[in-house]
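All remarks here apply to the structure that follows.
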Amino acid sequence: MLSDAIEQGRKVSFIYNSYGKDFKLHPRREEPYIVNPYQIVPNQGRYYLIGNYDKYDNISHYRLDYMTEIQMLDDKVKSKDKVEDFAQGYSLPRHMAEHIYMFSGPSVQVKMRVGEDQMNQLIDWFGKGFRIVQEDADRLIISVVCNEMAMKYWALQYGEHVEVLEPKSLREDICEAVDWMGSVYR
């Protein structure tokens, strides 16, 4: 149904869910989401709908396996030129590189220090669209544009091999998470 709606340029409604402790999907809210569907993309073994939540002007992501009661509506999708990310020159490869965990929200310029031996991981996650400055014999300073929340989780995942330098707010968020994790494991 989602593919048909995309092809026909029609809005969709669906119930968006989260898993509960009973291992079953439960609605996040009672009323359905009304979304302008634009594209379905795979990311880390899951499929996502890239769309626009009708009330806002930005791109959002929805996991297909969390969606139930999908209906194609008669309403036409919002024109892409009225969606901020599309109006600014949307590129799917760039979007996927900036949204590595498919979090919605703005991307930020991130500067980080990594070992040169991390180049494979950097390219796997961010593609080749980042800048490199050689800091010393085996350490690099990387500048990449990425969704801030996604970068936080990525940096925590590769914590032994990466130090986020900027933006300061992201560095502080990671520091708080590391402090909390350290207190739990003591």
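Tabulated data for the structure shown
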| read-out | value |
| --- | --- |
| Loop sites in segment 84-168: trypsin sites (Lys or Arg not before Pro), DSSP, at most 14 other Cβ within 10 Å | Lys128 |
| Among [x] 9, 37, 36, 14, 4, 0; [y] 8, 22, 15, 13, 17, 14, 5, 3, 2, 0; [z] 9, 30, 30, 22, 9, 1, 0, the entry that matches P(r) over Cα pairs in 10 Å bins from 0, in percent as calculated here | [z] |
| Cβ-defined net charge surrounding Val133, 11 Å radius [Lys, Arg +1; Asp, Glu -1] | +2 |
| DSSP-loop trypsin sites (Lys or Arg not before Pro) across segment 1-30, with at most 15 other Cβ within 10 angstrom | Lys21, Lys24, Arg28, Arg29 |
| Prolate/oblate/rounded call for segment 107-184, Cα gyration tensor, a/c under 1.5 rounded | prolate |
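Coordinate-derived values only; no laboratory data. Note that the structure is predicted; figures quoted are calculated from it, not measured. Glycine also receives a Cβ, built like all others from the backbone with ideal geometry; neighbour counts cover every protein chain displayed.
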